[in-house]
Amino acid sequence: MSAHANALSYDAAPAFSTPLRFFLTAPLFGVAAGLLLLIAPELLASRWTPGALALTHLIAVGFVLSIMVGALFQIMPVVAGAAVPRSGPLAALIHAGLTAGVASLCIGLGVGAPDFLVAAAALLGISFALFLCAAAWGLWRAPIAQATPRDLRLAVAGLGVALMLGLTLAMVLARGLPVPLVTVLKLHIGWAWLGGVGMMLAATSWVVVPMFQITPNYPARLTRSWALATFAMLALWSGAVAAEWSGAALLFGALLVALAVVFAAATLRLQQHSRRSNPDSTTRAFQLGMTSLLAGVACTVAAHYSEHEAWPILAGILVLHGGFVSVIQGMLYKIVPFLAWLHLTQEGIRAPNVKKLLPDTPARRQLLVHAAALAALVAAAASGSADLGRLAGVLVGLEFGWLLANLVRVVRAYRGALPA
Amino acid sequence: MTKTIDGRGLEPPKPFELTMEALADLKPGEQMTLLLDRMPWPLFRILDRDGYRHSNQVRDDGVVEIRILAP
């Protein structure tokens, strides 16, 4: 049995506005991605066109990364008891830099404007350097014995690597930096997918899945070793890719694929043992997310053995939109009402029930549109149909607009509960 | 007799709500015990602010046990 005194700083919890500013602007990048696809449905035909790169980064950085940064400010104090000092002004500064940086990056990639790419590299580089310092400060003070704080540290380090590789790529495109483009690109994708987002997803899932979906805990040996093994394997794979040892790169790549499959399969298995009688929207979103991740991994393997251009595009859609976006939307539907409730309670205000702050029906309907958007994206990429591409654009714009409307609904209920 | 709230297996913020209700009924000098699946960091902030004394321990079976003493 272990006991400890309250030595950690849990008294500096951030204001509701700290994560909220990220959560409320991130869906706008998703709406922009939908509009871009509506205007240019041919972007799904090739992954290397400037427009396709802009589309990917609107979702990957504008939505996924923005939410993750905002969530980390809140996750650290709630699950690890570690808060960042002066998180409000710091988050505002990081949010401004991140938002301007993503816009600049997408303009730079989309229209091939080198100056915008340099501006994006500077804005994103400074914002993330600030964020990494803040996260390191908070996580360094968290108890290392817990799997989540330790794995969040690894995820933050993984994000840092992905960012450095991304900044290098921006400088290659903008200023012709003499580095091997394809190698850096491969490493950037690997670290962004598994080192950053995948690791962050796993670290938060260790807590959030059992907590909100009423499942048993993940097996201890998985939470103890998954992130460490993934980080080590990414490092080995990177060495092999950089040294152009194709056999070793293939072996380590296969082991990374196996690790991704283990995480997704373990999550799906836990959900089967949920004590919930009816799966709610978040549970459904996680099921869609994990199934899509598995399908995306299968497409990644297929892309290795087939020259067909559709496989890597399908892998990207299934992992990014089907996997990460599904899970993040599902998590937002738990985290935002919970935070609204928590902040009201901490202010000594009698808070409405979380189900009143956001009922399940609007969340479920929005997630159905999200699933339809995923199906349209997959069909458009597989068939090359411009009409399906336009339909996917409309549905993507609609799903993110609706997500924003649902989040605003919670904020309005929160404000309504505050004393006049 | 010390009151015990068993919040294990309940979806957040239900254990928090049960605790807040129980705290409201706690008389000065009375104690209560919470059994939870994880460490309730946000609750500690409220307990500190309102002058409750508290201690916590993680049992060998992973259950987090919180003891709260009303001011």
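The values are calculated or read from the model by the stated rules, or taken from the named source; none is laboratory data. All figures in this text were calculated on a predicted structure; none of them were measured in a lab. When we count neighbours, we look across all protein chains shown, and the Cβ atoms used for this are built from the backbone with ideal geometry, even at glycine.
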query: Which one of these is within 14 Å of another protein chain (Cβ to nearest Cβ) and either on the phi < 0 side of the Ramachandran plot or surrounded by 17 or more Cβ atoms within 10 Å (Cβ to Cβ) (or both): A:Pro41, A:Pro14?
result: A:Pro14
- request: For A:Ala405, indicate whether it is within 22 Å of the chain's Cα centre (by Cα) and surrounded by fewer than 20 Cβ atoms within 10 Å (Cβ to Cβ).
  value: yes
query: Quick check, is A:Phe29 touching a helix residue (DSSP H, G or I) at 6+ places or on another chain (Cβ under 7 Å), at pLDDT 90 or above and closer than 28 Å to A:Gly289 by Cα?
result: yes
field: All positions within the stretch A:67-100 that are surrounded by 24 or more Cβ atoms within 10 Å (Cβ to Cβ), at pLDDT 90 or above and of a type in the set (Gly, Ala, Ser)
entry: A:Gly70, A:Ala91
task: Scan (1) without any contact (Cβ under 8 Å) to a residue 24 or more places away in the chain; (2) out of contact with any helix residue (DSSP H, G or I) (no Cβ under 7 Å at 6 or more places or on another chain); (3) farther than 30 Å from A:Val179 by Cα for the single condition A:Gln287 breaks and write down its number.
output: (2)
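To keep it simple, each residue is scored yes or no on (1) within 16 Å of the chain's Cα centre (by Cα); (2) among the hydroxyl-bearing types (Ser, Thr, Tyr); (3) under 27 Å from A:Ala240 (Cα atoms).
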{"residue": "A:Leu139", "(1), (2), (3)": "no, no, no"}
{"residue": "A:Arg150", "(1), (2), (3)": "no, no, yes"}
{"residue": "A:Arg153", "(1), (2), (3)": "yes, no, yes"}
{"residue": "A:Leu181", "(1), (2), (3)": "no, no, yes"}
{"residue": "A:Gly196", "(1), (2), (3)": "yes, no, yes"}
{"residue": "A:Pro210", "(1), (2), (3)": "no, no, no"}
- prompt: Does any residue of the stretch A:369-392 turn out to be over 19 Å from A:Leu44 (Cβ atoms) and hydroxyl-bearing (Ser, Thr, Tyr)?
  reply: no
query: Pairs, please: C-beta under 7 Å, at least 6 apart or cross-chain, first residue part of a helix (DSSP H, G or I) and in the stretch A:95-107, second of a type in the set (D, E, K, R)?
result: A:His95/A:Arg21
Every residue from the stretch A:377-402 that is of a type outside the set (Asp, Glu), within 13 Å of A:Gly34 (Cα to Cα) and surrounded by 23 or more Cβ atoms within 10 Å (Cβ to Cβ): A:Leu377, A:Gly389, A:Ala392, A:Gly393, A:Val396, A:Phe400
query: Could you list, in sequence order, the residues of the stretch A:194-236 that are more than 26 Å from A:Gln329 (Cβ to Cβ) and free of Cβ contacts under 8 Å to residues at least 40 places away in the same chain?
result: A:Ala220, A:Arg221, A:Ser225, A:Ala229, A:Ala232, A:Met233, A:Ala235, A:Leu236
- request: Would you confirm whether any residue within the stretch A:113-127 is farther than 22 Å from A:Ala155 by Cα and touching a residue at least 60 places away in the same chain (Cβ under 8 Å)?
  value: yes
- line: Checked the stretch B:32-51 for anything modelled with pLDDT of 95 or more and of a type outside the set (Val, Ile, Thr); matches are B:Met32, B:Leu34, B:Leu35
Criterion (within 28 Å of A:Ala266 (Cβ to Cβ), without any contact (Cβ under 8 Å) to a residue 12 or more places away in the chain and of a type in the set (A, V, I, L, M)) met by exactly one of A:Leu377, A:Leu368: A:Leu368
Only listed residue being out of contact with any Cys (no Cβ under 9 Å at 6 or more places or on another chain), assigned to a helix (DSSP H, G or I), of a type in the set (A, V, I, L, M) and within 12 Å of another protein chain (Cβ to nearest Cβ), chosen from A:Ala340, A:Ala371, A:Ala351: A:Ala340
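Here's the yes/no breakdown for (1) assigned to a helix (DSSP H, G or I); (2) surrounded by fewer than 20 Cβ atoms within 10 Å (Cβ to Cβ); (3) touching a Phe, Trp or Tyr at 6+ places or on another chain (Cβ under 8 Å):
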site	(1), (2), (3)
A:Ile126	yes, yes, no
A:Phe131	yes, no, no
A:Ala135	yes, no, no
A:Leu154	yes, no, yes
A:Ala157	yes, yes, yes
A:Thr168	yes, yes, no
A:Val179	no, yes, no
A:Lys186	yes, yes, no
task: Could you tell me whether any residue of the stretch A:208-221 is in contact with a helix residue (DSSP H, G or I) (Cβ under 6 Å, 6 or more places away or on another chain), assigned to a helix (DSSP H, G or I) and away from chain B (no Cβ under 14 Å)?
output: no
